[in-house]
1. Inspect all residues belonging to segment 123-135 and state whether any of them is in contact (Cβ under 8 Å) with a residue 40 or more places away in the chain, among the small types (Gly, Ala, Ser) and within 12 Å of the ligand (Cβ to nearest atom).
2. Is at least one residue of segment 224-238 assigned to a helix (DSSP H, G or I) and among the β-branched types (Val, Ile, Thr)?
3. In segment 58-66, is there at least one residue being closer than 26 Å to Arg185 by Cα and either touching a residue at least 60 places away in the same chain (Cβ under 8 Å) or among the aromatic types (Phe, Trp, Tyr) (or both)?
4. Looking at segment 110-122, which of its residues are in contact (Cβ under 8 Å) with a residue 24 or more places away in the chain and more than 9 Å from the ligand (Cβ to nearest atom)?
5. Filtering segment 181-214 down to residues that are open to solvent by less than 70 Å² (accessible area, probe 1.4 Å) and either more than 16 Å from the ligand (Cβ to nearest atom) or in a strand (DSSP E or B) (or both), which residue is nearest to Thr169 (Cα to Cα)?
6. Hey, among Lys77, Lys38, Lys32, Lys62, which residue is of a type in the set (Lys, Arg), away from the ligand (no atom under 16 Å from the Cβ) and touching a Leu at 6+ places or on another chain (Cβ under 7 Å)?
Amino acid sequence: MSQPLIPPFGAPVHLRDYDPDYLDGSSKKDAKKDLKKKLAAAMEADQQRLDMLQEALYAEGKHALLIVLQGMDTSGKDGTIRHVFSSVDPQGVQVTSFKVPTADELARDFLWRIHRAVPPKGMIGIFNRSQYEDVLVVRVHNLVPESIWRERYDHINRFEEMLHEHGTTILKFFLHISKAEQKKRLTERRDTPEKQWKFSLGDLKERAYWEDYQAAYEAVLTHCNTPYAPWHIVPANSKWYRNYIIARTVREALERLNPQFPTPEKGIESVEILD
Ligand code: ADP
């Protein structure tokens, strides 16, 4: 059965309806191998195109692109940034990772630190975690009263609408993995020397709240999925499929923006360049 990447707007989202192993309709082992090969080639083409489109976006300087990455621990936020954007000029991309807020940040409204990090026109901004932490970890652990976090869905929608109206294209990706896949990845982190630095006991504590997080994500995907800032539920148990889907979606969004190189100054063809 085919599975939508963007859930229908305005309808409640149930994550059990979205298979984290979904692969474009093919589930058989051989088909998977063929698909992997085919999509690897498609992804390479998308990445080359992304590089060109980013350069035009920068040169034109009219639009910004904001990419929001959210997902459970080990869902692949870092891996996505490393793989999908490896071909793009680092000068045109700014990555912001949102951690536990500092005292300075907590003394402001929750969108203050987010707004400061949105990309200027001409740039691609990537959020590794985002404003959504304030209705995810904050909700799961009751870090503020419910009356406060409940209002935030609406605050976020209005904030994103304002960004959209001011020339920022917003794409939000939920990297959807299963609890079993998380166990596999945590085990690999624990047992691989080069990955152990990423293993934290805190991640195990958060894993115990798996169901609460799934419910908090369902609320986000239900309340904050809008035509001006859509959520994409990316089947992320396969890393190569996740990367392919995100590269393709970003490439398509940039193509819709259709950035153009500015017209050169008149007469430059005949300007003499002195020795
Ligand atoms: P990573 O993103 O690689 O997991 P860390 O291990 O430093 O990086 O985790 C960042 C932590 O900061 C996460 O546990 C996340 O839930 C937390 N965090 C981010 N934003 C907020 C927030 N607004 N309120 C509370 N905790 C937050």
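The values are calculated or read from the model by the stated rules, or taken from the named source; none is laboratory data. Quick caveat, the model's predicted, so the values are computed rather than measured. When we count neighbours, we look across all protein chains shown, and the Cβ atoms used for this are built from the backbone with ideal geometry, even at glycine. Remember, those area values only see protein heavy atoms, side chains included, never the ligands or the DNA or RNA. Shrake-Rupley method; radii C 1.70, N 1.55, O 1.52, S 1.80 Å.
1. yes
2. Applying the first criterion (assigned to a helix (DSSP H, G or I)) to segment 224-238 yields none.
No, the conditions are met nowhere in segment 224-238.
3. Start the filter on segment 58-66 by keeping residues that are closer than 26 Å to Arg185 by Cα, which leaves none.
Within segment 58-66 (the criterion being closer than 26 Å to Arg185 by Cα and either touching a residue at least 60 places away in the same chain (Cβ under 8 Å) or among the aromatic types (Phe, Trp, Tyr) (or both)), the answer is no, since none of the residues qualifies.
4. At the first step, the residues of segment 110-122 found to be in contact (Cβ under 8 Å) with a residue 24 or more places away in the chain are 110-111, 114-115, 118-122.
Within segment 110-122, Leu111, Ile114, His115, Val118, Pro119, Pro120, Lys121, Gly122 qualify.
5. Within segment 181-214, the subset open to solvent by less than 70 Å² (accessible area, probe 1.4 Å) is 181-182, 185-187, 189, 192, 198-200, 202-203, 206-207, 210, 213-214.
Those still in the list that are either more than 16 Å from the ligand (Cβ to nearest atom) or in a strand (DSSP E or B) (or both) too: 181, 187, 192.
Numbers: Glu181: 31, Thr187: 37, Thr192: 38 Å.
If we take residues in segment 181-214 being open to solvent by less than 70 Å² (accessible area, probe 1.4 Å) and either more than 16 Å from the ligand (Cβ to nearest atom) or in a strand (DSSP E or B) (or both), then Glu181 is nearest to Thr169 (Cα to Cα).
6. Details: Lys77 fails: away from the ligand (no atom under 16 Å from the Cβ); Lys38 fails: touching a Leu at 6+ places or on another chain (Cβ under 7 Å); Lys62 fails: touching a Leu at 6+ places or on another chain (Cβ under 7 Å).
Only one candidate passes the filter, namely Lys32.
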